[in-house]
Amino acid sequence: MSENVMAEDVMAEDVMAGNGGTHLEDQSVSVIIATRDRPELLRRAIDAVVAQRHPHDVEIVLVFDRSEPDHSLERDEGNLRVVVTTNARTPGLAGARNSGIDKASNAWIALCDDDDEWLPGKLQAQFAALADDPAARAACTGILIRFEDNDIARMPDASLLTFDGFLKNRMTEVHPSSWIVHKQTLLDDIGLVDEEIPGSYAEDYDFFLRTARVASIAVAKQPLVRVWWHGASFFFERWKMIDEALEYLVEKYPEFKNHPDGLARIRGQQAVAKAAMGRRSDAFATIRETLKLRPMEKRLPLAIAVAAGLPAESALKAAHKFGKGI
């Protein structure tokens, strides 16, 4: 499906009627983009947001995390405003996103990673999906995962976007760069991004879990965000941090004990991380735990292979070719 066709499908003005309830009376959006030392990628992300044909106020809040802010990016014209600020909270992605939320002045909060790209019609499609689901206070879209010049489409299944659904499956197709949430719901019911998660790894997963616990999530059924996977990611190969962050989530959500498939998925990821760090005995102990939880967990063969000497970076690259993570 071409980007032009996708845009035509969602550009009709009648989707913006805003008749889905009082929470849709104000469709102004603050887009939080946390960034650190990636000026060229950041400009691409900004340009893609600016290109959205959204007839309501759009504010882009650029949060510079542990890097010098570029105030030349600021602008205020028509219904578009670009604000430049710095991370005044915990260093890292979680604190940067919260610093942006603190500065946001509009009714809806959207997130976009500084290396990702919104496609035409994203906001229109999301507000149309929200109008169709009066109970929803958040919405996501499908994504295109770009790796080595190839796009792989991944679409969320709305029926799975529940608290239990997220416990069972992280659902890579639900990506923070496709996320929009009602600001008052975020502040009153969901809460800000968790800044205690080691390295801010999986802070988005935690945020999705907390959102699904209190609100319905609408889905715009087109891939309207391009997610770029590349070695420049600040999480690429940081195995110790990944292992610690996943353990933090297991402790934070005791409900995982009632979802052995979900817990097995996390233990499988931890087994890979431990093996990648050369902690073979710990890796095999976690592999045994994973086997007891779910013998068919798909990360088990990978964890065993990495523990046996397969370079973890090679396994990660191979998974990325199919739009998969570990």
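The values are calculated or read from the model by the stated rules, or taken from the named source; none is laboratory data. From a predicted model like this one, the values you see are computed outputs, not experimental measurements. Heads up, the Cβs are rebuilt from the backbone with ideal geometry, glycines too, and the neighbour counts pull from every protein chain shown.
Yes or no: S178 free of Cβ contacts under 8 Å to residues at least 24 places away in the same chain and touching a Gly at 6+ places or on another chain (Cβ under 9 Å)? Write out each step before concluding.
Details: free of Cβ contacts under 8 Å to residues at least 24 places away in the same chain: no; touching a Gly at 6+ places or on another chain (Cβ under 9 Å): yes.
No.
Being assigned to a loop (DSSP other than H, G, I, E, B) and touching a helix residue (DSSP H, G or I) at 6+ places or on another chain (Cβ under 7 Å) narrows it down to one residue among E255, E297, E244; which is it? Talk me through it step by step, then tell me what you get.
Working: E255 fails: assigned to a loop (DSSP other than H, G, I, E, B); E244 fails: assigned to a loop (DSSP other than H, G, I, E, B).
Unique residue meeting the criteria: E297.
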Taking segment 161-208 and keeping only residues that are touching a Lys or Arg at 6+ places or on another chain (Cβ under 8 Å) and within 18 Å of V219 (Cα to Cα), one is left with F163, N169, R170, T172, E173, S178, V181, H182, T185, Y205
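Taking the condition surrounded by fewer than 19 Cβ atoms within 10 Å (Cβ to Cβ), part of a strand (DSSP E or B) and touching a strand residue (DSSP E or B) at 6+ places or on another chain (Cβ under 7 Å), does R81 pass? Break it down into steps so the answer makes sense when it comes.
Numbers: surrounded by fewer than 19 Cβ atoms within 10 Å (Cβ to Cβ): yes; part of a strand (DSSP E or B): yes; touching a strand residue (DSSP E or B) at 6+ places or on another chain (Cβ under 7 Å): yes.
The answer is yes for R81.
With respect to A96, determine if the residue is in contact (Cβ under 8 Å) with a residue 40 or more places away in the chain and in contact with an Asp or Glu (Cβ under 8 Å, 6 or more places away or on another chain). Reasoning before the result, please.
Values: in contact (Cβ under 8 Å) with a residue 40 or more places away in the chain: yes; in contact with an Asp or Glu (Cβ under 8 Å, 6 or more places away or on another chain): yes.
When the stated conditions are applied, A96 passes them.
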Within segment 287-302, residues in contact with an Asp or Glu (Cβ under 9 Å, 6 or more places away or on another chain) and in contact (Cβ under 8 Å) with a residue 12 or more places away in the chain come out as T290, L293, R294, E297
Given (1) crowded, with 22+ Cβ neighbours inside 10 Å; (2) in contact with a Lys or Arg (Cβ under 9 Å, 6 or more places away or on another chain); (3) among the hydrophobic types (A, V, I, L, M, F, W, C), A139 misses just (2)
Per the filter on segment 276-295, residues aliphatic (A, V, I, L, M) and at pLDDT below 95 are A276, M277
(request) Tell me, please, whether a residue that is part of a loop (DSSP other than H, G, I, E, B) and of a type in the set (D, E, K, R) can be found in segment 273-281. (result) yes
Cβ pairs under 8 Å, 6+ apart or interchain, first in segment 24-38 and without any contact (Cβ under 8 Å) to a residue 12 or more places away in the chain, second part of a loop (DSSP other than H, G, I, E, B), ordered by first then second residue, are E25/G18
Counting only residues that are in a helix (DSSP H, G or I) and among the small types (G, A, S), segment 84-126 contains a total of 6
* Would it be correct to say that V219 is part of a loop (DSSP other than H, G, I, E, B), at pLDDT 95 or above and of a type in the set (V, I, T)? -> no
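Can you tell me which residue in segment 20-54 is modelled with the lowest pLDDT, limited to those that are part of a loop (DSSP other than H, G, I, E, B) and touching a helix residue (DSSP H, G or I) at 6+ places or on another chain (Cβ under 6 Å)? Walk me through it before giving the result.
Filtering segment 20-54 for residues part of a loop (DSSP other than H, G, I, E, B) gives 20-21, 25-28, 36-38, 51-54.
Right, trim to touching a helix residue (DSSP H, G or I) at 6+ places or on another chain (Cβ under 6 Å) and you get 20, 27, 52, 54.
Values: G20: 47, Q27: 97, Q52: 96, H54: 95.
By that ranking, first place goes to G20.
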Within segment 187-217, residues being out of contact with any Phe, Trp or Tyr (no Cβ under 9 Å at 6 or more places or on another chain), crowded, with 21+ Cβ neighbours inside 10 Å and not acidic (D, E) number 0
